[in-house]
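*Asks:* For reference, the structure I am asking about is given below.
The values are calculated or read from the model by the stated rules, or taken from the named source; none is laboratory data. Owing to the predicted nature of the structure, the values given are computational and were not obtained by experimental measurement. Glycine gets a Cβ as well: all are built from the backbone with ideal geometry, and neighbour counts include every protein chain shown. Heavy atoms of the whole protein, side chains included, go into the accessibility calculation; ligands, DNA and RNA do not. Shrake-Rupley method; radii C 1.70, N 1.55, O 1.52, S 1.80 Å.
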Amino acid sequence: MIRIVPVRACVALLYMAGVISLSALPGRTVARWGFTRLQLDLLHIPMFTGLALVTLWAIVASRKQRALLVFSALALFAAVDEILQLWVPGREASVADFLRDALGVLIGIAIAEAARPVAVALRREWER
């Protein structure tokens with residue numbers, strides 16, 4: 001059974017809105033930030049790692065179901081985000097950016113799985 005925690009889901013949705021807002025900025029605006037092309041490309045990874053972590057936090061399900069759901073949903077979100085950039089002046093859709101987004105999601109899932117034993121131990125302590 002999959003359950004979504006509403007307040008946590010709102011945090012994930014706000015994060016997604018932030019990602020879309022950044023993607024909707026014209027290329028000229030992004031260029032003023034002074035990042036190199038490589039830096040901008042690499043920022044996809046931590047941005048989607050964070051999104052994966054927040055989204056995982058919002059979903060209660062078995063580990064496998066949750067990971068599969070989050071990866072599928074965020075990969076679809078990343079694809080739509082890239083496609084939307086086709087209509088933003090000075091921006092372009094990129095398969096490479098999509099792949100970096102997907103890598104970020106996988107890293108987020110891996111971090112959550114690696115931190116799971118610590119979270120379980122802390123939860124046991126709090127329940128005492």
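*Asks:* Please give the charge dipole size of the chain, origin at the Cα centre, charges +1 on K and R Cβ atoms and -1 on D and E Cβ atoms. Round to the nearest 20 debye.
*Replies:* Using only the charged Cβ atoms, the result is roughly 420 debye.
*Asks:* Sticking with this structure for a sec: For the range 80-128, just say rounded, prolate or oblate: build the C-alpha gyration tensor, square-root its eigenvalues into a ≥ b ≥ c, call rounded for a/c under 1.5, and beyond that prolate if a/b exceeds b/c, oblate if not. Could you put the intermediate results ahead of the total?
*Replies:* Values: a/c = 7.07, a/b = 3.48, b/c = 2.03.
Note, shape of the range 80-128 comes out prolate.
*Asks:* Normalised by the residues of the chain, what does the relative contact order come to in percent, with Cα pairs under 8 Å and at least six apart?
*Replies:* Details: 127 pairs, mean separation 45.1, N = 128.
So the answer I get is 35 percent.
*Asks:* Per residue, what accessible area does the range 64-113 have, given a 1.4 Å probe and all protein chains present, in Å²? Walk me through the numbers on the way to the answer.
*Replies:* Values: 2720 Å² over 50 residues.
Per-residue value: 54 Å².
*Asks:* Given the options Arg100, Arg116, Arg91, state which has the largest fluctuation in a GNM of the chain using a 10 Å cut-off (strictly under) for Cα springs.
*Replies:* Fluctuation is largest for Arg116.
*Asks:* Among rounded, prolate and oblate, which fits the range 22-66 when a ≥ b ≥ c are the square roots of the eigenvalues of its C-alpha gyration tensor, a/c under 1.5 means rounded, and a/b larger than b/c means prolate? If you can, show how the numbers build up before the last one.
*Replies:* On the way: a/c = 4.77, a/b = 2.87, b/c = 1.66.
Cα axes put the range 22-66 in the prolate bin.
*Asks:* Sticking with this structure for a sec: Note the angle between two axes, namely the Cα long axis of helix 6-23 and the longest principal axis of the Cα atoms of the chain, as a number of degrees from 0 to 90, rounded to the nearest 10.
*Replies:* Its long axis makes an angle of about 20 degrees.
*Asks:* If we count every other residue with Cβ under 15 angstrom of Asp81's Cβ, Lys/Arg +1 and Asp/Glu -1, where does the sum land? Show your work: numbers first, answer last.
*Replies:* Values: positive: Arg91, Arg100; negative: Asp41, Glu82, Glu92, Asp97, Asp101.
Local net charge: -3.
*Asks:* Quickly work out the Leu22-to-Arg8 label distance, labels modelled 7 Å from Cα along the C-beta direction, and quote it in nm with one decimal.
*Replies:* Taking the two extended label points, one gets 2.3 nm.
*Asks:* Highest GNM mean-square fluctuation, the chain, Cα pairs closer than 10 Å: which of Leu25, Leu106, Leu38?
*Replies:* Leu38
*Asks:* I've got another one for you. Round to the nearest 10 and give me the degree value, 0 to 90, for the angle of helix 63-84's Cα axis relative to the longest principal axis of the chain.
*Replies:* 10
*Asks:* Would you look at the GNM of the chain, springs on alpha carbons closer than 10 Å, and say which of Ala31, Ala75, Ala12 moves the most?
*Replies:* Ala31
*Asks:* Also: Which length gain, in nm to one decimal place, applies between Leu99 and Gln65 when the Cα-Cα distance is subtracted from 0.36 nm times their residue separation? Each step should come with its number before you reach the end.
*Replies:* Details: separation 34, 0.36 × 34 = 12.24 nm, distance 2.18 nm.
Answer, rounded to one decimal: 10.1 nm.
*Asks:* Another one. When the accessible area of the range 1-72 is computed with all protein chains present and a 1.4 Å probe, what percentage of it is carbon and sulfur?
*Replies:* Details: 3280 of 4560 Å².
Exposed carbon and sulfur together represent 72 percent of the surface.
*Asks:* Between Ile111 and Trp87, what is the FRET efficiency for a Förster distance of 25 Å, r being their Cβ-Cβ separation, to the nearest 0.05?
*Replies:* Details: r = 33 Å, r/R0 = 1.32.
The pair Ile111/Trp87 has a calculated efficiency of 0.15.
*Asks:* Right, something else. Along the charge dipole of the chain, pointing to its positive end and built from +1/-1 on Cβ of Lys, Arg, Asp and Glu, which listed residue (Met16, Val80, Val95) has its Cα farthest out?
*Replies:* Met16
*Asks:* Moving to a separate point now. Where does each of 120-126, 77-83 land if you order them by average Cβ count within 10 Å, highest first?
*Replies:* 77-83, 120-126
*Asks:* Can you check what the Kirkwood hydrodynamic radius comes to for the chain, Cα pairs only, in Å to one decimal?
*Replies:* On the way: mean 1/r = 0.0638 Å⁻¹.
Every distinct Cα pair counted, the radius reaches 15.7 Å.
*Asks:* Here's something else I'd like to know. In degrees from 0 to 90, rounded to the nearest 10, what is the angle of the helix 95-127 Cα long axis to the longest principal axis of the chain?
*Replies:* Orientation of helix 95-127: about 20 degrees from the principal axis.
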